[in-house]
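As structure tokens, the structure follows; a few thoughts come after it.
Just so it is clear, none of the values below were taken in a lab; they were calculated from the coordinates. All values reported here derive from a predicted model rather than from experimental measurement. Heads up, the Cβs are rebuilt from the backbone with ideal geometry, glycines too, and the neighbour counts pull from every protein chain shown.
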Amino acid sequence: MTFISGDEVTLIAPLPFLKTNDATAMLRPPDLVSLGEIGHVVSVKSDNIVEVQFRRGIFLISSEKLTRRMC
């Protein structure tokens, strides 16, 4: 699935960890974002990596683990 900045997305699969978008990326525990939580696409880093802002931070997530939220 292709995403663009501003898309509302939902996490659809559990992650083993979350990777922050900081200059020095850190691995964070996966329970910071719950399944079904709504986030906003900040940017698309590559074909399969999306930068998403959730309520507890901005993380780099594989596009395979996300789906576009339908209104």
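Residue check: Ala13 meets all listed conditions (1) closer than 15 Å to Ser62 by Cβ; (2) surrounded by 15 or more Cβ atoms within 10 Å (Cβ to Cβ); (3) not polar (S, T, N, Q) but one, namely (2). If the condition is being exposed (fewer than 14 other Cβ atoms within 10 Å of the Cβ) and in contact with a Leu (Cβ under 9 Å, 6 or more places away or on another chain), then region 57-67 contributes only Ser62. Being surrounded by fewer than 15 Cβ atoms within 10 Å (Cβ to Cβ) and in contact (Cβ under 8 Å) with a residue 40 or more places away in the chain is a property that does not hold for Met70.
Within region 1-54, the residues that satisfy the criterion of being among the hydrophobic types (A, V, I, L, M, F, W, C) and in a loop (DSSP other than H, G, I, E, B) are Met1, Phe3, Ile4, Ile12, Ala13, Leu15, Phe17, Ala23, Ala25, Met26, Val33, Leu35.
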